[in-house]
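Before any comments, here is the structure.
Since every read-out is calculated from the coordinates, none of them should be taken as a lab result. These figures come from a predicted structure and were not determined experimentally. Methodologically, a virtual Cβ is constructed for each residue, glycine included, from the backbone with ideal geometry; neighbour enumeration extends over all protein chains shown.
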Amino acid sequence: MRLLIMGPQGVGKGTQAALISKNLGIPAISTGDIFRYNLKNETPLGLEAKAYIDKGLLVPDELTNKIVKDRLAKDDASNGWILDGYPRNDSQVAALDSILEELGTPLDHAIALNAERSVLMDRMKKRAEIEGRADDTPEIIAKRLDVYEHETAPLIDIYRKRGVLVEIDSTGGIESISEHILDALK
């Protein structure tokens, strides 16, 4: 099964992607994890991405599209995957459509996780305290949520019109949310 998981920062995409990955036996592919790896290891891509991330901006499409295409072409993704954090704008939707057509692997579902902004802010503040993430200051969190609302939230309608959207309220318990997702995918 080939899936996208969408939603604003702090909604639980990574947590749910990991649970779905384990349950369905497909890799969870997080663009955020790929970038954090590159940042931690100070690769050229990581240093380039850091300049954007530190300002609360998203990494440019050209860098992200290349990473996604290379990752989806790997052997472990041949039977399916769940993409976390991509696509995030119209341009990336078009790029993903091209990638999937080239690979001969159509998208099965786009999962949209939803929560109120105040819930998201609280979750990310707690994450910053626990993980010590420099990119989770209140100012950067608010800016990222604004960017999501402006650029990424409109993509939900694209996948709704295509008939592949699954919408889930992510304010419950982790296991309950996961059960709702898996039931909706059946």
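Backbone N atoms of the stretch 1-22 closer than 12 Å to the 7 Å Cα→Cβ label point of R127 belong to residues 7-17.
Mean residue ellipticity, 222 nm, helices only, the chain: the sum of -39500 (n - 2.57) across DSSP H runs of n ≥ 4, divided by residue count and rounded to 500, is -16500 deg cm²/dmol.
Please compare each pair in K69/K186; K161/K186; K13/K69; K13/K126; K69/K126 to a cut-off of 24 Å on the Cα-Cα distance and tell me which ones are over it.
K69/K186; K69/K126
Distance between the modelled labels on Y52 and E102, one decimal in nanometres: 1.8 nm (7 Å Cα→Cβ projection). Put simply, the amide H of M6, placed in the peptide plane, has neighbours under 5 Å in I111, A112, L113, leaving out anything fewer than 5 places away on its chain.
In the stretch 43-65, which residues have a backbone nitrogen under 17 Å from the label point lying 7 Å from T137's Cα in the Cα-to-Cβ direction? The answer is 50-58, whose backbone nitrogens lie closer than 17 Å to the label point. May I ask you to list the residues of the stretch 109-136 whose amide nitrogen lies under 15 Å from a point 7 Å from Cα along the Cα→beta-carbon direction of T171? Only 113-123 fall inside the zone, counting backbone N under 15 Å. Modelled spin-label separation between M1 and S91, with each label point placed 7 Å from Cα along the Cα-to-Cβ direction: 3.2 nm.
Determine, from the Cβ-Cβ distance of D157 and L182 and an R0 of 22 Å, the FRET efficiency 1/(1 + (r/R0)^6), rounded to the nearest 0.05.
Values: r = 24 Å, r/R0 = 1.10.
Step by step, r from the Cβ atoms, then E = 0.35.
What separates the Cα centres of the stretch 41-97 and the stretch 3-20 is a distance of 15 Å.
Exactly which GluC sites (Glu not before Pro) in the stretch 53-161 are in a DSSP loop and have at most 13 other Cβ atoms within 10 Å?
E116
If R0 is 45 Å, what FRET efficiency do you get for S78 and S118 from their C-beta distance, rounded to 0.05? For S78 and S118, the calculated efficiency is 0.65.
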